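Input: a single structure, listed below in structure tokens.
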Amino acid sequence: MNDRTTRRVQWANSPGVYPAALAALSLIAPAFLNVRTFGIMRLLWSSLESGQIIDLLDAAIRMAILNALRAFPIYLSAFTLGGAAEARLGRRNLVAVILIPAVVVPLGYTLIDWIYGITYDFRMPAVLSILAVAAVLRMGRTQVSQETWKTAAVVGILVFGLQWLDLAPALTRWGFGHGEISMDIKSAGEVLGAASLLNTYTVSMCATLVSMGLLLSKVMVEYRIHIRLVEEDRRRSLELAHLQTEAMRARTGRELDHLMHDLRTPLTTIQGLSSTLAEYPFEADPAQTSAYARRISEAADRMDGMIREMLYGSHTQRVPAQVFARKLASQLPDEKTGGIVEIVVADDLPCVTINATRLTRGIINLIDNAIDAGSDMVKLEFRRDGAHLCISVADNGAGMNEQDLARCLNGGFSTKDSTGLGLPFAAAVVKDHGGTMRIESATEEVSRRTGAPRGTVVTIMLPEARDACEAGKGDSHEPGDH
């Protein structure tokens, strides 16, 4: 964009250009918007000569339209100047919005009378138009200097509506319609016996149009509220996405820490046995060497399985539930849990097909939630339930009410100012394993009312593996096998 174009854009966006252009239009308009070009007098004489009321109504309609078209740019420029002044004051000031139009509108009328000799009647319709437009703009919370098209619509409808009152014979004594042509139309109505019709018609048109202005203002308010809510929802969605991303990074870091911890055991085995073989290559017994080599291979397989479970969420193994329970217990030392976690493992547990790393993290999330809820006792139980492995995490914490219980699986929802991803992650992991997760909870109030124990119980049901597995050992599968 060159300098000339930039200056042109800056000039067009200047706050004084728009009202100045409207003021110029209001001074030019009477040259082609007048009684002669609208044929009002011709219709008025025709109605008197023929006694046709339809010609009188036609003349009244044209007069209302003419007055509205000539007054519209004056009022719009006045309210735009008022809005600009209000913006400079830095606060919502009803006095500025009313006072400036009250000065600018009669000034415009005076200039038109001086230029064209056309007298605009500044009485009740003008005063009501200023007050009504200002009030509706305030009610609609319309920023006049910024929302030009909305302002134009409100001003146009209200000014057009109030111009009809100039043509109601019954309102003449109240300061309405003292212009020369308006008085002629009302006099013709009296002569034709149509004064009552004019009163009803003009007041009805005014009421209809003013109501439209009020409805438009209400629509603008509701639209603005809707836009604000959409923007707020978008902002919250972005914040939630950011929190979820940060929580995902933190959880990935924790899982990697646990993986490194788990890898140390087989790695130590590999290092110890391989160093022994390297130190005594000729003195070792062949049978013992074979046993060492087999243990090194098993340790390497365990490491490979752990790494696969981290890299591929769909990677699973068929393992005895007792083995999984022992692995999970090793992740819950007393120094981490404060010694409040009790682990109960039944003897007749089935084999299950699981991604042990992900399922371990999901259950630890449930235990962390229980500890965060103020529990001083958390019971982790493994038992058989038909063809399923049942894992339950029960605590005696604060519990959740019905509203929180209904929302607890929504990502980002939390009653403890946390990320709210622990329960959704656990539920997703259980679902990926073809299982179900049920949550029951009772607050102190519910406990007193129903006698149910206070706290939360999360029950996980995992299907028994279809194929048998060796005791204490799982069969590795490629990623994607289930």
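The values are calculated or read from the model by the stated rules, or taken from the named source; none is laboratory data. Bear in mind that the values here come from a model prediction, so they are computed numbers and not experimental data. All Cβ positions, glycine included, derive from the backbone under ideal geometry; neighbour counts span all protein chains shown.
Just one of the listed residues (Leu128, Leu209) is assigned by TED's automatic domain parsing to the domain that holds Tyr18 and modelled with pLDDT of 85 or more, namely Leu209.
Residue count for the stretch 315-370 under the criterion of being part of a helix (DSSP H, G or I), closer than 18 Å to Arg384 by Cβ and basic (Lys, Arg): the result is 1. The set of residues in the stretch 184-193 being over 17 Å from Ile61 (Cβ atoms), free of Cβ contacts under 8 Å to residues at least 24 places away in the same chain, assigned to a helix (DSSP H, G or I) and of a type outside the set (S, T, N, Q) consists of Glu190 alone.
Pick from Gly374, Gly399: which is in a loop (DSSP other than H, G, I, E, B), at positive phi and in contact with a Ser or Thr (Cβ under 9 Å, 6 or more places away or on another chain)? Going through Gly374, Gly399 in turn, just one is in a loop (DSSP other than H, G, I, E, B), at positive phi and in contact with a Ser or Thr (Cβ under 9 Å, 6 or more places away or on another chain): Gly399.
Does Val159 qualify as being within 33 Å of the chain's Cα centre (by Cα), outside any loop (DSSP other than H, G, I, E, B), surrounded by 22 or more Cβ atoms within 10 Å (Cβ to Cβ) and modelled with pLDDT of 75 or more? Against the criterion (within 33 Å of the chain's Cα centre (by Cα), outside any loop (DSSP other than H, G, I, E, B), surrounded by 22 or more Cβ atoms within 10 Å (Cβ to Cβ) and modelled with pLDDT of 75 or more), Val159 does not qualify. Hey, does the stretch 194-212 have a residue that's among the polar types (S, T, N, Q), within 32 Å of the chain's Cα centre (by Cα) and part of a helix (DSSP H, G or I)? Yes, the conditions are met somewhere in the stretch 194-212. Within the stretch 374-401, residues that are closer than 10 Å to Glu342 by Cα sit with their Cβ atoms under 6 Å from residues that are of a type in the set (Gly, Ala, Ser), at 6+ positions apart or across chains, in these pairs: Val378/Ala370; Lys379/Ala394; Glu381/Ser392.
Given the criteria within 39 Å of the chain's Cα centre (by Cα) and either surrounded by 14 or more Cβ atoms within 10 Å (Cβ to Cβ) or closer than 21 Å to Asp432 by Cβ (or both), does Thr353 qualify? Taking the combined requirement at face value, the residue does not satisfy it.
Please verify whether the stretch 78-99 includes one or more residues that are surrounded by 12 or more Cβ atoms within 10 Å (Cβ to Cβ) and either at pLDDT 85 or above or closer than 30 Å to Leu197 by Cβ (or both). No: the stretch 78-99 contains no residue that is surrounded by 12 or more Cβ atoms within 10 Å (Cβ to Cβ) and either at pLDDT 85 or above or closer than 30 Å to Leu197 by Cβ (or both).
Any residue at all in the stretch 403-422 that is in a strand (DSSP E or B) and either buried (at least 18 other Cβ atoms within 10 Å of the Cβ) or at pLDDT below 80 (or both)? There is no residue in the stretch 403-422 that is in a strand (DSSP E or B) and either buried (at least 18 other Cβ atoms within 10 Å of the Cβ) or at pLDDT below 80 (or both). When Phe176 is evaluated against the numbered criteria (1) at pLDDT 85 or above; (2) in a helix (DSSP H, G or I); (3) crowded, with 21+ Cβ neighbours inside 10 Å, which criterion, by number, is the only one it fails? Tallying (1) at pLDDT 85 or above; (2) in a helix (DSSP H, G or I); (3) crowded, with 21+ Cβ neighbours inside 10 Å, Phe176 fails exactly one: (2). Candidates in the stretch 1-33 are the residues that are closer than 27 Å to Phe72 by Cβ and outside any helix (DSSP H, G or I); of these, the one that is modelled with the lowest pLDDT is Asn13.
To keep it simple, each residue is scored yes or no on (1) touching a helix residue (DSSP H, G or I) at 6+ places or on another chain (Cβ under 8 Å); (2) assigned by TED's automatic domain parsing to the domain that holds Val191; (3) assigned to a helix (DSSP H, G or I).
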{"site": "Val35", "(1), (2), (3)": "yes, yes, no"}
{"site": "Trp45", "(1), (2), (3)": "no, yes, yes"}
{"site": "Ala59", "(1), (2), (3)": "yes, yes, yes"}
{"site": "Ile65", "(1), (2), (3)": "yes, yes, yes"}
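Restricting attention to the stretch 179-204, the residues that are more than 21 Å from Ser47 (Cα to Cα) and either surrounded by 21 or more Cβ atoms within 10 Å (Cβ to Cβ) or not hydroxyl-bearing (Ser, Thr, Tyr) (or both) total 1. Annotation: Ile460 fulfils all but one of (1) part of a loop (DSSP other than H, G, I, E, B); (2) crowded, with 19+ Cβ neighbours inside 10 Å; the unmet one is (1).
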